[in-house]
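The values are calculated or read from the model by the stated rules, or taken from the named source; none is laboratory data. Please read these numbers as outputs of a predicted model, since none were measured by experiment. Cβ atoms come from the backbone with ideal geometry, glycine included; neighbour counts cover every protein chain shown. Only protein heavy atoms, including side chains, enter the accessible area calculation; ligands, DNA and RNA are left aside. Shrake-Rupley method; radii C 1.70, N 1.55, O 1.52, S 1.80 Å.
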Amino acid sequence: MTFVQKHKQLYSYAMITLGAAVLAFGLQCFYDPVGLVTGGFSGLAIIVKEVTSKLQETGIPLWFEEGGIPLWFTNLALNIPVFILAYFLKGAKFIGKTLYGALALSAWLYVIPAWDMVEGDMLIASIFGGVCAGAGIGFVIKVGATTGGTDMVSALVQLKIRHYSIVQILQVIDGAVVVIGFTVFGMTPTLYAIIGIVVQTKVADLIVEGFNYSKAAYIISDKHEIVAEKILKDLDRGLTGLEARGMYTGTEKRVLMCIVTQKELVTLKNLVNEVDPNAFVIVSDVREVLGEGFQEYKQEF
């Protein structure tokens, strides 16, 4: 293994460790104190803790500590059989860094104390819990891993029902967990949990895909050659000419396609307007651009 490969591997495991810590903090200090169940094994762990805590209150003698079965134990107990099954069905390579992610999450759930940082305020819990959970998940996914749980279950189920995608199966499983949470905690926590899911998803997307969205500009102009030369020279951005036909006039057209950053968009529109004020310009969002002048592609999986 080369120095660069070792550096990338250390970076990956450091990010998994950090992501698991942030996720565990969100679960312990925001979601768990108010009973917000947002799906996954972590949501099941919160349900198990609440149910076993109520059993203790009835006087039933149980072996675990007061307050119900801790989150770390349930998360670990649920993941063990899933990883054993994954090992036999798909091999050790499939498990990869996800095994470390699952163990790291359980370890952090054990280390981080269950602080109630919201004092019963479900809105704060759903927002800040969603930010922490989304950030933690984003850090882990960004280096090509997961923390196990329902992601792994979905991948295994998909082996038997291949006409459904892993994402579709995951939505059903996590939806079932939220429904179970509704039966235990009631309607209000479930509605706030939906807010947490939305925030969590948005934050994870921002971390995985980045904040530097680009723009795609499609320029239709009778002076396309001059416009192209102006952009190439003044903006130093490449263009692609697409052959097209105006359906109303029946005339041949040349559509210029150019990818620019958000900061460069204003300059591009000004350049086009200087050459041809009657040019037709279409601007759309681009989620990710890989290649020269933008982001370098990095193989993470």
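Points to keep in mind about this one:
- Number of residues in the stretch 20-47 that are closer than 18 Å to A104 by Cα and of a type in the set (F, W, Y): the value is 2.
- Answer from I112, I80, I127, I84 - the residue that is touching a residue at least 12 places away in the same chain (Cβ under 8 Å), out of contact with any Lys or Arg (no Cβ under 9 Å at 6 or more places or on another chain), open to solvent by 40 Å² or more (accessible area, probe 1.4 Å) and β-branched (V, I, T): I127
- Residue satisfying condition, being surrounded by 12 or more Cβ atoms within 10 Å (Cβ to Cβ) and either under 20 Å from A279 (Cα atoms) or modelled with pLDDT under 85 (or both), within set L235, L191: L235
Condition check ((1) in contact with a Gly (Cβ under 9 Å, 6 or more places away or on another chain); (2) loosely packed, with under 13 Cβ neighbours inside 10 Å; (3) part of a helix (DSSP H, G or I)) across all residues:
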residue	(1), (2), (3)
I197	yes, no, yes
L206	yes, no, yes
I219	no, no, no
V227	no, no, yes
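- Sole residue being small (G, A, S) and either surrounded by 13 or more Cβ atoms within 10 Å (Cβ to Cβ) or not in a helix (DSSP H, G or I) (or both), chosen from A20, A14: A20
- Count of residues meeting criterion [surrounded by fewer than 16 Cβ atoms within 10 Å (Cβ to Cβ) and assigned to a loop (DSSP other than H, G, I, E, B)] in the stretch 256-289: 4
- Close Cβ contacts (under 8 Å, 6 or more residues apart or on different chains) running from residues in the stretch 223-243 that are farther than 16 Å from N270 by Cβ and touching a residue at least 40 places away in the same chain (Cβ under 8 Å) to residues that are surrounded by 13 or more Cβ atoms within 10 Å (Cβ to Cβ) and of a type in the set (A, V, I, L, M) comprise G238/L232.
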